[in-house]
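Here's the structure we're looking at; comments come further down.
The values are calculated or read from the model by the stated rules, or taken from the named source; none is laboratory data. Just so you know, these numbers come straight off a predicted model, no measurement behind them. In this analysis, Cβ positions are derived from the backbone assuming ideal geometry, glycine residues included, and neighbour counts consider all displayed protein chains. Note: accessible area is taken over every heavy atom of the protein model, side chains too, but ligands, DNA and RNA are not part of it. Shrake-Rupley method; radii C 1.70, N 1.55, O 1.52, S 1.80 Å.
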Number of protein chains: 2
Amino acid sequence: MKTNNIVLNLARKRRSIRKYSKEPIDLGDVLYAISVAIQALSGANRQPWRFIIVADEDIKRKIREACEKAEKEFYGSNKLPKWFRKWTKERGITWKKPFLTEAPYLIVVVSNKNAPYSKESTWLAIGYLLLALEEKGIASLTYTPSDSYEVSRILKIPKDYSLEVIIPVGEPAEKKDKEPRLSLRDVLFYNQWDNKAL
Amino acid sequence: MKTNNIVLNLARKRRSIRKYSKEPIDLGDVLYAISVAIQALSGANRQPWRFIIVADEDIKRKIREACEKAEKEFYGSNKLPKWFRKWTKERGITWKKPFLTEAPYLIVVVSNKNAPYSKESTWLAIGYLLLALEEKGIASLTYTPSDSYEVSRILKIPKDYSLEVIIPVGEPAEKKDKEPRLSLRDVLFYNQWDNKAL
């Protein structure tokens, strides 16, 4: 299927959004994006991914509380590298995670620990998912909680599944530029590492 | 950008191809797909991925030899689970990896071990890459070598980068159906794990 660089346009357009409007979005669009994700390849086609769509306000609030408790400890730690402190400070990123209750839906993605290349396959599928959300004009963020144990308990996730990511989805309540990307020249080699391709 | 379910069509259409024609493909299409991949998000925007396009016949041969040596040991091991033996046997998958020399290009993807969520970010970007290759009508396979040490040495990959995957790309020399996928109903929950969404 030759199309007109649509995938590049979607990839360029997507931004990580941390502020969400409480406006509802079409659940059908969320289901669409998950339908795309489950078409991804996986190690021995084991399809290790499972998805929980969280819409319930009470469950979202519990998740936020559990995450913020862990994040408060994480951000309070004196072990964080300097560059990380600077990076988060410049962007106003703190232990507060309001998007966990403000976004109309959270997509929680988990992976089966017993499947081969489970993490790799699941994150590849998350790549599919994000492009599909962008195609439907839905904003998203990949949030990886500092402590996933409590969230797994709230969501009743079985012990043989790992919580990989929480993806709030909805209408953005902020405008932001895309974080700059390295150029192809910076990341690409030809035949061997020491040989720049461009 | 609302489009007409193009991402779903690409995801549905893509197959993992193990037999390649030696026909050359347009290097511009490969660069296009990598341009898409580097638009992906990453932990703290560290962009931990690097790409090596391998076209040189001699280097491809060396990679194949190193991989097949390791695969021969892997497939000869008596520790492989039964389901895996069955799965590979049914598909004619053995220690032989002809696609490593037959495909016109190999895209080798590595990740910086020192970046946060390096593996997760890189595999998410690989998801972007595969959809972009499909958009250009290029066949691909995600091959994860049993022993990446020797391949890293051949490609002069520095010690702080992990080899994540080798992706042969080219024109397919086989026709195959897509491996079946679970339905949305099988993988989706609403609000909590025990609550089927559909």
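Here are a few things to note about the model shown:
- B:LEU155 sits with roughly 0 Å² accessible to a 1.4 Å probe, with DNA, RNA and ligands left out of the calculation.
- Working note: Karplus 6.51/-1.76/1.60 with θ = phi - 60° gives the stretch A:111-118 the couplings 10, 6, 4, 8, 8, x, 6, 5 Hz, where Gly and Pro are set to x.
- The candidates B:LYS175, B:LYS159, A:LYS13, arranged from most to least accessible area with a 1.4 Å probe in the full protein assembly, appear as B:LYS175, B:LYS159, A:LYS13.
- Placing a pseudo-label 7 Å from each Cα along the Cα-to-Cβ vector at A:THR88 and B:TYR75 gives an inter-label distance of 4.8 nm.
- Remark: C-alpha extents of the stretch A:8-173 on the principal axes read 42, 35, 34 Å, sorted largest to smallest.
- Chain B: most fluctuating residue of B:ALA33, B:ALA55, B:ALA139 per GNM, C-alpha cutoff 10 Å: B:ALA55
- Largest accessible area first, the listed residues B:TRP87, B:TRP123, B:TRP95 line up as B:TRP95, B:TRP87, B:TRP123 when surface is computed with a 1.4 Å probe on the assembled protein chains.
- Chains B and A together bury roughly 7700 Å² of accessible area, counting both sides, with a 1.4 Å probe on protein heavy atoms only.
- Rounded Å value of the spacing that divides the Cα centres of the stretch A:97-161 and the stretch A:47-92: 12 Å
- Among the residues of B:24-35, the average count of other protein chain beta-carbon atoms within 10 Å of the residue beta-carbon is 2.
- Net charge contributed by nearby residues that have their C-beta within less than 9 Å of A:GLU68 (K/R +1, D/E -1): +3
- In nanometres and ascending order, the distances from the B:THR94 label point to those of the other copies are 6.4 (point 7 Å from Cα along Cα→Cβ).
- Pairs over the 27 Å Cα-Cα cut-off, from the set A:LYS119/B:LYS175; B:LYS86/B:LYS176; A:LYS62/A:LYS113: A:LYS119/B:LYS175.
- Closest-to-axis residue of chain B (Cβ criterion, axis taking B to A), whole Å: B:GLY127, 1
- Amide H to amide H distances under 5 Å link B:VAL165 with B:VAL109, where only residues 5 or more positions off or on other chains count and H is placed in the peptide plane.
- Considering only chain A, percent of DSSP beta bridges that pair antiparallel, nearest 5: 95 percent
- Other protein chain C-beta atoms within 10 Å of residue C-beta, averaged over B:134-142: 3.
- Helical mean residue ellipticity (222 nm; -39500 (n - 2.57) per DSSP H run of 4+; nearest 500) of chain A: -12000 deg cm²/dmol
- The listed residues B:PHE74, A:PHE99, once ranked by accessible area (1.4 Å probe) with the largest placed first, stand as B:PHE74, A:PHE99.
- Counting from the shortest, the label point at A:SER77, 7 Å from Cα toward Cβ, is 3.1 nm from the same position in each remaining copy.
- The same position B:ASP194 in the other copies lies at 6.2 nm from this copy, comparing label points 7 Å beyond Cα toward the beta-carbon, shortest first.
- For B:SER16, the solvent-accessible surface with a 1.4 Å probe is about 30 Å², rounded to the nearest 10.
- Within the shell of other residues whose beta carbon sits under 15 angstrom from the beta carbon of A:GLU23, the net charge comes to -3, with Lys and Arg scored +1 and Asp and Glu -1.
- Ranking B:LEU129, B:ILE154, B:GLY92 by Cα position along the charge dipole of the stretch B:8-173, where only Lys, Arg, Asp and Glu carry charges on their C-beta atoms, puts B:GLY92 farthest toward the positive end.
- For the stretch B:76-88, 3J(HN,Hα) per residue [Karplus equation, 6.51 cos²θ - 1.76 cosθ + 1.60, θ = phi - 60°, Hz, x = Gly/Pro]: x, 5, 8, 9, 5, x, 4, 4, 6, 4, 5, 4, 5
- Mean partner shielding of peptide A:176-187, defined as the number of other chain Cβ atoms within 10 Å of each residue Cβ, is 4.
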